[in-house]
Structures are given as structure tokens and as C-alpha cells.
Amino acid sequence: MPRQPIVKSTTALALVMGLLSAAPALAQELTVVSFGGSYQEGQSKALFQPAAKALGIKIKEETYSSIADLRLKVKAGAVTWDVVASGSGSAARAGSEGILEKLDYKVIDTSSFLPGTAQDYCVGGDVFSTVLAWNTKTYGDKGPQSWADFWDVKKFPGKRSYRKGVAGALEPALMADGVPADKVYKVLSQPGGIERAIKKIRELKPHIAVWWSSGAQHAQLMKDGEVDMITGWNGRFDVAAKDGAKVAYTFNQGLADYDCFAIPKGAPNKDLAMKFLAEISKPQYQAEFTKYITYGPTNKKAYEGGAIDAAYAKTLPSHPDNAAKQLPIDLDWYIKFEAQASAAYQNMLTE
Amino acid sequence: MSAESVAAAAGPDGDFHKAALRRDQWRERLGLAGLAAPALLLVIVAMLIPMAWLFGLSFRDDAGALSLEHYRRMLAEPSYGRTFRTTFEISLATTIICILIGYPLAYFLSQLPRRAANLCMIAVLLPFWTSLLVRTYAWLVLLQRSGLVNTWGIKLGLWNEPLQLVHNAGGTLIGMVHIMLPFLVLPLYGTMRAIDGNLLRAASSLGSTPVHGFWTVFFPLSLPGLAAGASLVFVLCLGFYVTPAMLGGGKVTMVSNRIANDIELFFNWGAASALGVVLLAITLVVLVLAAKLSRGAGLFGSGH
């Protein structure tokens, strides 16, 4: 009696081994890299796994911390990643640096994408916004509604928190200084424009209690009630509010930005990666992703057909009503001026 | 002629003994080197090679050509100089506060009976068993606007408005001193324990007051431990990242924070390496100067 199962299990084993060794020939594998945490979990469930199923491929997921990691891999000629998730600005700079493959928009259909969210080297995945948020315990329903209010310490006394990095820090200052939203980047590109914005921030400096440096941190500051007014990423405040934080925000004068997907230079499965990006850029995937975090789709069609609940859609940054109130981040400006602006910003910070 | 002939006269027999002795010596040295080899190898592979690599990177521009670009940027932008100043100021302040708190503590412990001292030592070491991140968060919870210290202070009527205790240099110092204190107390306590109590008794039998005996006998003998602890604290402070990042509120930019910032911004290991190289160089200079000074002070103070 005991003999038979052994024989059976060995044959089964042989069968499994045979299948395993045959598997790579049957299903190709893509390595996808993102930022981990609840963000990647949402991407995995809404985008990566369903798309893999649809294409009949396998997905291997990894996490990384910044484009600097990818740069090292490309420079060392040891690229093992096929698709990387990235912030739009980092991707634009990485693209201009030559460490990303040019995307083929004959394969990826972006005809219904929001303008500007499909760059040469990076296709948009979700839209988020840098918004003005406030402590509802301090200001009640009459919170600040514009960057001018953020700077108005007489009308809205209280502690502020502002970003420690220069990205998304100069635009609000100029708007508070009276520059209309559509002229912000024009002014910033002119000589003296960056200095004008920094001078305005210097004015507010005594009232800035904390210079935040990460999304987790600005959410925590509002949860603890450490400051009364803050800039930050809308999705984080929604999560904080769900956890009981007394925080509200407005999309008014917010800075619309987006996360995107790119293919590293020399990716092992470049063509397949392109097809994969085409798949996850379809509206049904993007609609599904909004269920995990309040970041909006870049594909406008995701709002059609009721895949996203109408009331919920109104809370997403790329909803037309909200998008109209915001200023889209100008990536070209960042490619040209970020290093210079950052140096000036650091000088102001350490004064 | 004479010396050579004498050596020759000693003959093959003398050479044989010498050679055997030399062989033995070599064998012993090799054996000892063998014992040190794993640690040496680790230092070379995990420390010297990467450091040499970073050093090389700091002298190359984006295209990989030799260049002083990263060092030039450090001179051109005032923020870099200020960052270095902050780093040394905070490190020095932390070291001084640690000495002011740690020296009396170590002295007190060294005068206790061994059992009691061991128990108290556990209290000193206890923070080591908790992660640095957790301890830093704990200070944030205690010191922030709605934190324990502020709520109790206001309830007790000590102050009316919440005090700004954290997200500034003061909060950073509190956190760093707390984390660094054991590094000062441990070597200091060891040195103090080893000081022979008879020396103090001899001092008083020769008519010295306790205070005078302490300053002329005990204190000079404890200096090596103090120097070891203080330099350990100072050097560890220079590379601190987490605590200033979390308790400094973005107002206390230490070199390590700047390195992280430069890697994110320029995607550039060269810019970051240059900062590391400069920090290392300044640190070495400071330590050499400190060693020279303390040697001078030791000669002057101890007089024996």
C-alpha cells in the first residue's frame, strides 16, 4: 500500500517539473517596479494583475525608492526592469537624460488622455494635486480658499507648513503675490521670477512651523493638529480624514500633477512592456484604480459609462470641475530650471 | 675584515638558529594575521572599496569626465556652507550637553556598590533596546503642539499658549542628546570604575579636601574615558539623519539630509559623494586638532 502514493507523487513531481520548465516558453514575464505601500497595492490589484491576465503574461513586482536607482542600473548596463512607475517630473528629467525608452504612441492609445499627460518617455497613470489644506478645528467651515489666504496671517492666524523641496513650492507663492495662474510659469521663466517667488516665501517664513518632506509626514502633521494650514497631496489628506484627522482641502489654485509609467533604456522585454502600457492605459483599468486611492484617471474616458460612481468622481483631482480650478505643472519648466530653483530655495531655507 | 670574518666564524650553526627563530616569528605573525583576516576583509570590502569608489565619483561630472564641478557648486551656493556649520554646531552642542549630563551620571554610578551600579546601568542601556526611529517618534509625540508636555504644562497653568518645543533646533538637540547619552556614559563609566580609590584616600590623607582631590586626582584620571566618549558622540552626531529630519521640522539641515536631497534632485551620486568627502575631511581635521589639544591640555593639567 505505501508504495503506490510514492510512485504517484514522483510522477506528479516529474509532471510539475516538466510544466515548470516549459512555462517560460508559454508565458513571458515582465518586471514592474513601483513605490510600494498602499499605492502599489492598488496598482497591483487594479492594473498589473488584471492586465497580465488579459495579455496572458506573468508579472513580477518589485519596489524602488527613486529614479536614482534606475539611473545606476542603466549606467551599469544591468537593466532587469521592464516598466517603472514614476513621478512625472522625475520621468521627464530621466527621459531627457537618456535613461528611458521613447514610448510608441501607435501602440499606446492616448487619444482620450488629458492634455499633457502623455510625454515622450512616460505615459500618465493617475492624476494628483498639490492642494491647500487646513485644520477644520481652527478655521471651521470658513477655511482659506486661495494662496493669498494662505499668506494672509492677519485674516487667518495660525501655524503653516510648507514643502521643504522646491517642487510645487514656487507656484503658490507667485499666485499669492498676484500672478494669475496662467502666467505663473511665464513669470518663473523670466529673469528674477524665481527670486520673486522666493522673496514671497521668505515673507511667510516666520509663520512656517514645519517644512515637510514626505507625503506621510504632511498627513501626520494634520492628524496631530501640529499646524493649522498646509500644502500637500490631496489623496493623503483624504486618507488622513478617513482616519479621523480634522482636515479639509480645496482644489482651487491646486497644482495638478500626475504619476506615470515608463520603460527603462535597454529593458529586457521592451515590446511586451509597450503592449502592457497600452493595456493599463485603457479606461476600465484606470477607473478601477480610483477605488483604492483618490487619485484621478488620466484617461478621460474612465469617467464615462458609470465605472466610477458619479458622486465619488467629483472628489477626484482630474474631474473636469476640479481640473478647471487647477494649474497643471509645467514639466518643461522643471527640466530647465529645477536645479537652479532648488539651489536658491535651499539658500532661503538655510538663511 | 674583522666583522665579516667574525660573522663567518659564527658559522652555519648560528645562522641556522637565527633562521629558525625568524621562521617561528613569521609563523606566529601569519597566525595572528589569520585571526584578523575576516575583520580586515570585511572592512576592505564593505568600507574601503566603496569609499574609494565614492571618492572617485565626487571628482567626475555627469558625463564621467574629471571635474571639480561638485566642489565648485559647494563653494558657489551659500546653503552648503551653512549646512556644514549647522552640522558641526548641532554635533558640538549635543556633545557638550551629553558631557554636562553624562559626567555626573557616570561619576554617581561609579561610586555606587557594583550591584546597584549594574542595575542602574540597565536603565542607561535600556534605550539601546528600542529602535532609534521609535525613540525619535516618542519625542515627537511628547513635544508637539498637542503633545503631553504642552497639554500638561497648560493644564497646570505653567504656560498658556502651546510652546514650540519641537520642529526646531531645540527639539533636535533633545532627541539627539537622549540617543547619544549612553555612548558617552559607557566608556566614561568604565574608566571611572578602573580608577583606584586608594589614590583619593591618599590625597585626603595628605590634607586635600574632597573637592580638591576630585579635581586634581579623579578628574584627570577620568579624562581618557571622557575623551573617548565625547569623540564617539561627536562623530556619530556628524552623520545623524533620522533625528534631525524628524525633529528639526526642516529647519535643521545636516549634511546627511543634504546628501539625500542631492541624490533625489540631481540623480547624482557625484554631488552626494563630494559632500561626504568634504564632511570626512573636515571631521578628520577636527579630530586631529582635538587630539593635539587634549594632549597639550593633558600635559598641562596632570603634571606627571
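The values are calculated or read from the model by the stated rules, or taken from the named source; none is laboratory data. On a predicted model such as this, the values are computed, not experimentally measured, just so you know. Glycine also receives a Cβ, built like all others from the backbone with ideal geometry; neighbour counts cover every protein chain displayed.
Some notes on this structure:
- Qualifying residue in region B:199-213 (condition: charged (D, E, K, R) and assigned to a loop (DSSP other than H, G, I, E, B)): no
- Whenever a residue of region B:126-152 is crowded, with 17+ Cβ neighbours inside 10 Å, its partners that are among the polar types (S, T, N, Q), lying with C-beta atoms within less than 7 angstrom and at least six residues away or across chains, give the pairs B:Thr136/B:Thr243.
- Region A:69-120 - residue that is modelled with pLDDT of 95 or more and within 14 Å of chain B (Cβ to nearest Cβ) and, of those, surrounded by the fewest Cβ atoms within 10 Å (Cβ to Cβ): A:Leu100
- Close Cβ contacts (under 6 Å, 6 or more residues apart or on different chains) running from residues in region A:59-76 that are closer than 14 Å to A:Val32 by Cβ to residues that are assigned to a loop (DSSP other than H, G, I, E, B) comprise A:Thr63/A:Gly36.
- Filter result (among the small types (Gly, Ala, Ser) and more than 18 Å from the chain's Cα centre (by Cα)) within region A:32-78: A:Ala51, A:Ala52, A:Ala54, A:Gly56, A:Ala76, A:Gly77, A:Ala78
- Candidate set from region B:140-161 (those that are within 13 Å of another protein chain (Cβ to nearest Cβ) and hydrophobic (A, V, I, L, M, F, W, C)); member that is nearest to the chain's Cα centre (by Cα): B:Leu140
- Yes/no for B:Ser110 being surrounded by 17 or more Cβ atoms within 10 Å (Cβ to Cβ) and within 14 Å of chain A (Cβ to nearest Cβ): no
- Members of region B:260-286 that are among the hydrophobic types (A, V, I, L, M, F, W, C), without any contact (Cβ under 8 Å) to a residue 12 or more places away in the chain and within 14 Å of chain A (Cβ to nearest Cβ): B:Ile263, B:Leu265, B:Phe266, B:Phe267
- Each residue in region A:196-229 was checked for being closer than 27 Å to A:Tyr312 by Cα, in contact with a Phe, Trp or Tyr (Cβ under 7 Å, 6 or more places away or on another chain) and outside any helix (DSSP H, G or I), and 2 of them qualify.
- Here A:Gly165 passes the criteria (1) under 18 Å from the mean Cα position of the chain (by Cα); (2) small (Gly, Ala, Ser); (3) at pLDDT 95 or above except the one numbered (3).
- Hits in region A:57-85 (condition: over 18 Å from B:Asp262 (Cα atoms) and among the small types (Gly, Ala, Ser)): A:Ala76, A:Gly77, A:Ala78, A:Ala85
- Test result for A:Asp332, more than 19 Å from the chain's Cα centre (by Cα), assigned to a helix (DSSP H, G or I) and acidic (Asp, Glu): no
- If the condition is being aromatic (Phe, Trp, Tyr) and within 14 Å of another protein chain (Cβ to nearest Cβ), then region B:52-83 contributes B:Trp53, B:Tyr80.
- Among the candidates B:Met74, B:Met47, the residue that is out of contact with any His (no Cβ under 6 Å at 6 or more places or on another chain) and within 30 Å of A:Ala341 (Cβ to Cβ) is uniquely B:Met74.
- Of all residues making up region B:245-259, the number that are at the interface with chain A (Cβ under 9 Å from one of its Cβ atoms) and under 18 Å from B:Leu54 (Cβ atoms): 2
- Residues of region A:335-351 classified as surrounded by 15 or more Cβ atoms within 10 Å (Cβ to Cβ) and away from chain B (no Cβ under 11 Å), total: 2
- Within region A:51-68, the set of residues being within 14 Å of chain B (Cβ to nearest Cβ) and buried (at least 22 other Cβ atoms within 10 Å of the Cβ) comprises just one member, A:Ile67.
- Looking only at residues in region A:195-214 that are closer than 21 Å to A:Gln340 by Cα and facing chain B (nearest Cβ under 10 Å), the one that is surrounded by the fewest Cβ atoms within 10 Å (Cβ to Cβ) is A:Lys205.
- Taking region B:56-67 as the range and being among the hydrophobic types (A, V, I, L, M, F, W, C) and within 16 Å of B:Asp262 (Cα to Cα) as the test, the residues that pass are B:Leu57, B:Phe59.
- Residue satisfying all of: in region B:162-183; touching a Phe, Trp or Tyr at 6+ places or on another chain (Cβ under 8 Å) and more than 14 Å from every other protein chain (Cβ to nearest Cβ); surrounded by the most Cβ atoms within 10 Å (Cβ to Cβ) among these: B:Met176
- Restricting B:Ala52, B:Ala63, B:Ala10, B:Ala93 to residues that are modelled with pLDDT under 90 and assigned to a helix (DSSP H, G or I) narrows the list to B:Ala10.
- Residue match in region A:232-246 (condition: more than 20 Å from the chain's Cα centre (by Cα), crowded, with 21+ Cβ neighbours inside 10 Å and either away from every other protein chain (no Cβ under 14 Å) or in contact (Cβ under 8 Å) with a residue 40 or more places away in the chain (or both)): no
- Test: B:Ala245 is closer than 30 Å to B:Leu199 by Cβ and either acidic (Asp, Glu) or free of Cβ contacts under 8 Å to residues at least 60 places away in the same chain (or both): no
- Among the numbered conditions (1) in a helix (DSSP H, G or I); (2) surrounded by 21 or more Cβ atoms within 10 Å (Cβ to Cβ), the only one that A:Leu316 does not meet is (1).
- Residues within region A:258-308 that are among the polar types (S, T, N, Q) and part of a loop (DSSP other than H, G, I, E, B), tallied: 5
- Flag: B:Leu40 does not match the condition of being in a helix (DSSP H, G or I) and modelled with pLDDT of 95 or more.
- Test: residue in region B:84-97 that is within 14 Å of chain A (Cβ to nearest Cβ), in contact with a helix residue (DSSP H, G or I) (Cβ under 7 Å, 6 or more places away or on another chain) and farther than 16 Å from B:Leu173 by Cα: yes
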